[in-house]
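Worksheet: the structure to be examined is printed underneath.
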Amino acid sequence: MKNKTIWIVLAIVAVVVLWIWSSYNGLVTRSEGVDGQWAQVETQYQRRFDLIPNLVESVKGIFNQEKEVFGKLADARARYSGAASVADKVKAANQVESALGRLLVVMENYPQLRSSEAVTTLMSQLEGAENRVSVERLRFNDAVRVYNLSVKRFPSSITASWFGFDEKEYFQAASGAENAPKVNF
């Protein structure tokens, strides 16, 4: 009887250890998935930031009146490069989007800009970059959702609390991003 009890206790301990091991590895995998998806968002941001100086220089060659828009683009790009946390990078990226919106309005008001092939090509590439950023943000938020569910759901929430897995933040647009930018001449 004593041997049977020992085997039952060992079996229970083995099941618990396997469950903790599996739960921990699942959380690690999901956490890395979130980090990897954020890297994809940053890759698309970098593509966007690489296109901006080319667009700015092309437009500057044709159009010198809107230095404020170009200055804001350059400032936001520099803020993003210096940002340390995801939240700071999101804030800087939102500032870039706001400045880009103003630039698009400027371009709509100046047909001679749109007629420049270099500007048209760069704007098309920038629009493609914006679409890629949007897709990667969506994928990032999906990865965060899956991870956060794992951290919150019982019984993996126990493992998460034991090993310090905390919820991750979703990407959220800046307040006012739903409003079209206004450009005054």
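The values are calculated or read from the model by the stated rules, or taken from the named source; none is laboratory data. Just so it is clear, the model here is predicted, and its values are computed rather than measured. Neighbour counts run over all protein chains shown; Cβ positions are idealised from the backbone, glycine included.
Below is a table of values for the structure above.
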quantity	calculated
Search result, residues across region 1-28 that are hydroxyl-bearing (Ser, Thr, Tyr) and either in contact with a strand residue (DSSP E or B) (Cβ under 7 Å, 6 or more places away or on another chain) or loosely packed, with under 12 Cβ neighbours inside 10 Å (or both)	THR5
Spans of helices (runs of 4 or more DSSP H) in region 104-185 with at least 3 residues modelled with pLDDT under 75, more than 23 Å from VAL41 (Cα to Cα) and in contact with a helix residue (DSSP H, G or I) (Cβ under 9 Å, 6 or more places away or on another chain)	111-114, 117-152
Residue within region 5-27 that is at pLDDT 80 or above, of a type in the set (S, T, N, Q) and farther than 27 Å from SER161 by Cβ present	yes
